[in-house]
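A short write-up of the structure that comes next.
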């Protein structure tokens, strides 16, 4: 495959906002699901979803030009491997968020040092807004399941004493703990999050309980604390407060497991720096490199044992 030209690279970036919005629209319309049994005319899709046939045709044609959906014959569209991913709930929820509320916030991003873009657009911080919009809260919790298997495998592969109580701080719908305890049958778990978190407590069984609260105030006692893709949502000051809150509850033998990215220096072609810009627009937060993680832990009374991409292990000082 030939190297893309500089002009093509710039074009990919310039039209990216349109692509993100288009993905969000077709995800909300469940177009990929409607094509599960094979290609269909866009007129049928529009009729079934209440969309404009002309607008939907143009949305699908634009996405098809980048390999998401395919126009099999004039006006007839089918799924591709890429669009099939929109049938996965977590991917569909991500497309909804990126193409909706996050898209509007990112559009207000600038290089200033004033208010967070999301707050300028919506009049409140993201978490307050999310609590007031239950459907969006459900989409957020659903999107956080993406990559669950990788996170669980990292945790399950660690050394476990076998009888610990694991507190998943900011644990969302509890899916991480449910999967971890399936692999480690001696553990018990506590899912700790805000009360409005959308969850199915019937799936927890008798070894997991839910505790409601704010990790800026207190967390339940336990042996092992997990922060799965939580700290990257907070600026350094608030992230340090979360660590201090956990340390206040942790026993001296306690340990902390942080599932988060450790970004490399240089021109990394991955998406972590783009997620950092998303964090800047939504929360005023950042993705962190190894030095920034080390600095965050300095005043936390946790000693990092290993800082590696995807998993940071620390113990109480």
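For residue 115, state whether it is over 18 Å from residue 169 (Cβ atoms) and either surrounded by 15 or more Cβ atoms within 10 Å (Cβ to Cβ) or in contact (Cβ under 8 Å) with a residue 12 or more places away in the chain (or both).
The answer is no for residue 115.
Where in segment 237-317 are there strands (runs of 3 or more DSSP E), lying fully within it, with 3 or more residues that are over 20 Å from residue 170 (Cβ atoms)?
Passing ranges, in order: 302-308.
So, in segment 89-112, how many residues would count as being part of a loop (DSSP other than H, G, I, E, B) and touching a residue at least 24 places away in the same chain (Cβ under 8 Å)?
Counting residues in segment 89-112 that are part of a loop (DSSP other than H, G, I, E, B) and touching a residue at least 24 places away in the same chain (Cβ under 8 Å) gives 4.
Within segment 146-175, can you find the residues that are farther than 21 Å from residue 305 by Cβ and not in a loop (DSSP other than H, G, I, E, B)?
Within segment 146-175, 148, 149, 175 qualify.
Exactly one condition in (1) surrounded by 17 or more Cβ atoms within 10 Å (Cβ to Cβ); (2) touching a residue at least 40 places away in the same chain (Cβ under 8 Å) is false for residue 204; which is it?
(2)
Taking the conditions exactly as written (within 28 Å of residue 136 (Cα to Cα) and in contact (Cβ under 8 Å) with a residue 12 or more places away in the chain), does residue 69 satisfy them or not?
Values: within 28 Å of residue 136 (Cα to Cα): yes; in contact (Cβ under 8 Å) with a residue 12 or more places away in the chain: yes.
Considered against the rule, which asks whether it is within 28 Å of residue 136 (Cα to Cα) and in contact (Cβ under 8 Å) with a residue 12 or more places away in the chain, residue 69 comes out as yes.
Could you count how many residues in segment 62-81 are part of a helix (DSSP H, G or I) and loosely packed, with under 15 Cβ neighbours inside 10 Å? So that I can check it myself, show each step before the final result.
Narrowing segment 62-81 to residues part of a helix (DSSP H, G or I): 62-64, 81.
Those still in the list that are loosely packed, with under 15 Cβ neighbours inside 10 Å too: 81.
Total meeting the criteria: 1.
Tell me, which residue of segment 212-242 that is more than 20 Å from the chain's Cα centre (by Cα) and touching a residue at least 40 places away in the same chain (Cβ under 8 Å) is nearest to residue 301 (Cα to Cα)?
In this case the residue turns out to be 240.
Any residue at all in segment 178-193 that's modelled with pLDDT under 95, under 25 Å from residue 244 (Cβ atoms) and not in a strand (DSSP E or B)?
No, segment 178-193 has no match at all.
Could you check, for segment 273-292, whether at least one of its residues is more than 27 Å from residue 20 (Cα to Cα), in contact with a strand residue (DSSP E or B) (Cβ under 7 Å, 6 or more places away or on another chain) and in contact (Cβ under 8 Å) with a residue 60 or more places away in the chain?
The answer is no; no qualifying residue exists.
Give 188, 120 a once-over and let me know the one that is farther than 18 Å from residue 90 by Cβ and in contact with a helix residue (DSSP H, G or I) (Cβ under 8 Å, 6 or more places away or on another chain).
Criteria check complete, one pass: 188.
The values are calculated or read from the model by the stated rules, or taken from the named source; none is laboratory data. These numbers were taken from a predicted model, which means no experiment stands behind them. Cβ sites come from the backbone with ideal geometry, for glycine too, and all protein chains shown count toward neighbours.
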